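Heads up, the thing below is written out as C-alpha cells.
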Amino acid sequence: MEDNILKGTTTIGLVCNDGVVLASERRATMGYLIANKDAQKIYQIDDTVGMTTAGAVGDAQRLVRIISVESSLYRMRTKEPMTVRAMANLLSSVLGSSRMFPFYVQLLLGGVDKTGPCIYSLDALGGRLEERKAVSTGSGSPIAYGILEDRYREGISTDEGADLAVRALHNVMKRDVASGDGIDVVISRKGEYIRLGADDIKKKIEKLGN
C-alpha cells in the first residue's frame, strides 16, 4: 500500500539578508514509477510566506489547506498577518496530535514577517526547528547539503540564494532518481512573493556551465 503513495523529492530553504528563498524540483514518484512530472511542492500560505513539502502528497496538501485557512482566519480576526513562528507552532501542534496516525511529511515553512526573514523545518511527529542558514529535505537532501554547506555564506542576498538553490537542485537531479523534471524557486521579501519563471530558471542553469 505504501508504495502507491506519491512521494520522493528534494526541497531547499535559504535564509538571506533581505528575505527567504524556497526551492524544489517537480518530480513525484510512486515506488520506482515516475507518477507525475509537474508536481507542485511549494505553496503560498500568506502574502509573504511559503511552504515546501516532501513526503506523501495527500498528507502535504491537507496540511497546506489547514494552515492556509487558519492564517486567513487569523488575519480576518486580528487585521494583521500571522507570524511565521506562529504558523510553525500551529503546524507542530497539528502534526504532534496525529502522531499515532502521522502525516508522512517533511515541511519547510518560510517567509518574511514583522520579525524579518525566517524558516522553520517540521517533521512528521511535530518536531519544529528554526533554520538560520540553509536547509534541505527529502530524498535528495544529502546531495544538496554537500553544495549548500560549501557555498552558503552569511549575508547572502535572495538573488544569490536563488542561484545557489538552482545549483544545488541541478546537481541533485543528476544523482537522485526521485528528483527531477524541472525546478521551482520562490523568493520572499518584504511585501513580495515572487515565483521565478521558466526562462529565469533556464538562464540560471545556463550560468552554471554544466
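Of the trypsin sites (Lys or Arg not before Pro) in region 82-137, the ones in a loop by DSSP (not H, G, I, E or B) with at most 16 other beta carbons within 10 Å are ARG99, LYS114, ARG132, LYS133.
Explain nothing, just the number: relative contact order of the chain, from Cα pairs under 8 Å at least 6 residues apart, as a whole percent. Show your work: numbers first, answer last.
Working: 482 pairs, mean separation 61.7, N = 210.
Value for the chain: 29 percent.
When you filter the chymotrypsin sites (Phe, Trp or Tyr not before Pro) in region 11-92 for DSSP loop state and at most 13 other Cβ atoms inside 10 Å of their Cβ, you are left with TYR32.
For region 140-175, which GluC sites (Glu not before Pro) are both in a DSSP coil and crowded by at most 14 other Cβ atoms within 10 Å?
GLU154
Please report how many Lys pairs in region 1-152 have alpha carbons closer than 23 angstrom, counting only residues at least 8 apart along the chain or sitting on separate chains. Taking the Cα cut-off of 23 Å, the pair count is 5. Place +1 on the Cβ of every Lys and Arg and -1 on the Cβ of every Asp and Glu in the chain, take the dipole about the Cα centre, and give the residue among SER92, ALA178, VAL15 whose Cα lies farthest towards its positive end. With unit charges placed on the Cβ atoms, the residue in question is SER92. Under a model in which nothing but the beta-carbon of Lys, Arg (+1) and Asp, Glu (-1) is charged, the chain shows a dipole of about 180 debye around its Cα centre. Only one residue of GLY111, TYR74, ILE42 has its Cα farthest out toward the positive end of the dipole of region 32-187, where Lys and Arg carry +1 and Asp and Glu -1 on Cβ, and that residue is TYR74. A value for mean projected area of the Cα convex hull in nm² was derived from the coordinates, and within the list (i) 15.0; (ii) 13.0; (iii) 11.2 it appears as (iii).
Every number here is computed from the coordinates shown, using simple stated rules; none is lab data. Only a predicted model underlies this, so the values are computations on that prediction, with no experimental measurement involved. All Cβ positions, glycine included, derive from the backbone under ideal geometry; neighbour counts span all protein chains shown.
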